[in-house]
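The values are calculated or read from the model by the stated rules, or taken from the named source; none is laboratory data. Model, not experiment: these values are computed from the prediction. Here the Cβ is made from the backbone with ideal geometry for all residues, glycine too, and neighbour counts use every protein chain on show.
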């Protein structure tokens, strides 16, 4: 069915003559996201075949854009217009890096809008934002009801907003919450106690630092809830003391553990730091790790759109975008750097995916809804897989060959959550 907008009554659904057998009821409840209105049904001879029409002011004060392809569903006495998908992010992040999510819009269809957290009015249950105007290939400002599905690209939402979004039992929030590094470690330890896949991790304390350095020789300090490499430090035992290197590659030598510890005490929020065993893989004085993406498809099953390797700048302790020299296809790194055969590389990629999938499932068992995540992995010299972190909010890599699939994938999943399938 096609939807048209006409000058008419706000409480009437106009239908083409050939649709009379589908609308045997006298009234129908029309749903547009969380906006609902009961309408009388009236045939309109001038409507094209397979078309219905609503007044131009039907959804006031909400924006129900014209001239975009909606999908309409009839369930009992309900007509649903959709899908209605809301992306909650920051405008800077979205319009700088993520407008490509609409590259397959002709298959997604419906109303897709983006907003910031502050744009959501909890009391009125309305949202200011920008919707994708297919006709003009641009984004237009509008006011929207709560959508069928939210795709969270913001992070942990304000608790009052989060409660508001969850008031409806069937409300879906993809990536509903981030999970800090310590909670990740506890979850992953439970599912991999016999064969650990996450490096040994402890809460920061002088006692734990002494123990970890004695046993591991090299450790990383990480704040539990920071990303993009901020605040990360590495400590290594040397012949005449200790070496401390921060995420900006500034290094300091200490002749005693006490001097090192006194320096660390100057760090803000030190109680939120973790000590993690170093499993760094280095070649040519550069660190190498992998990032694998996992998403859910329209059947709500996990798959990977791809993975890639990250090589740091010389002597850098991390591989984030400011500290790396290059990225390359993951399969290529496995063959060129680890000297794996094509079949062995594919098996290792499959193993990375299976471990990552198992972790995602364990996280979801805690009540968090995931659908689009990144897992950072190190492969050591013995080819053992070490998971460093699960990233719920992460940057987009525009140069990857599969970036289009990666960007558009979550909207296919969102559409299926809204009840629209191929």
- Message: If the requirement is being under 20 Å from the mean Cα position of the chain (by Cα) and modelled with pLDDT of 95 or more, which of these qualifies: 38, 90, 78?
- Response: 90
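In contact (Cβ under 8 Å) with a residue 12 or more places away in the chain, within 14 Å of residue 317 (Cα to Cα) and touching a helix residue (DSSP H, G or I) at 6+ places or on another chain (Cβ under 7 Å): is that true of residue 278 in this structure?
So residue 278 fits the description; yes.
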- Could you please give the count of residues in the range 1-49 that are touching a helix residue (DSSP H, G or I) at 6+ places or on another chain (Cβ under 9 Å) and farther than 16 Å from residue 64 by Cβ? 5
- Those helices (runs of 4 or more DSSP H) lying entirely in the range 158-241 with at least 2 residues at pLDDT 95 or above: 181-191, 206-216
- Item | Tally, over the range 329-343, of residues that are surrounded by fewer than 15 Cβ atoms within 10 Å (Cβ to Cβ) and either closer than 18 Å to residue 403 by Cβ or not assigned by TED's automatic domain parsing to the domain that holds residue 310 (or both) | 1
- Message: Against the definition (at pLDDT 95 or above and closer than 20 Å to residue 293 by Cβ), how does residue 304 come out, yes or no?
- Response: yes
- Only residues in the range 109-122 that are in the same structural domain as residue 65 (by TED's automatic domain parsing) count as the first member; pair them with residues that are modelled with pLDDT of 95 or more and surrounded by fewer than 17 Cβ atoms within 10 Å (Cβ to Cβ), Cβ under 6 angstrom, at least 6 apart or cross-chain, and list the lot. none
- Message: Go through the range 252-295 and report how many residues are under 28 Å from residue 335 (Cα atoms) and buried (at least 16 other Cβ atoms within 10 Å of the Cβ).
- Response: 15
- Hey, among the residues in the range 361-393 that are more than 23 Å from residue 319 (Cα to Cα) and in contact (Cβ under 8 Å) with a residue 60 or more places away in the chain, which one's surrounded by the most Cβ atoms within 10 Å (Cβ to Cβ)? 371
- Task: Select from the range 132-153 the residues that are touching a residue at least 12 places away in the same chain (Cβ under 8 Å) and either closer than 18 Å to residue 58 by Cα or surrounded by fewer than 17 Cβ atoms within 10 Å (Cβ to Cβ) (or both) and list them in ascending order.
- Result: 133, 134, 135, 140, 141, 142, 143, 144, 145, 146, 147
- Query: When you go through (1) surrounded by 15 or more Cβ atoms within 10 Å (Cβ to Cβ); (2) under 30 Å from residue 259 (Cα atoms) one by one for residue 215, which number turns out not to apply?
  - Reply: (1)
- Does residue 382 qualify as being under 27 Å from residue 195 (Cβ atoms) and over 16 Å from the mean Cα position of the chain (by Cα)? yes
- Item | Residue that is farthest from the chain's Cα centre (by Cα), among those in the range 127-148 that are at pLDDT below 95, part of a strand (DSSP E or B) and within 22 Å of residue 80 (Cα to Cα) | 133
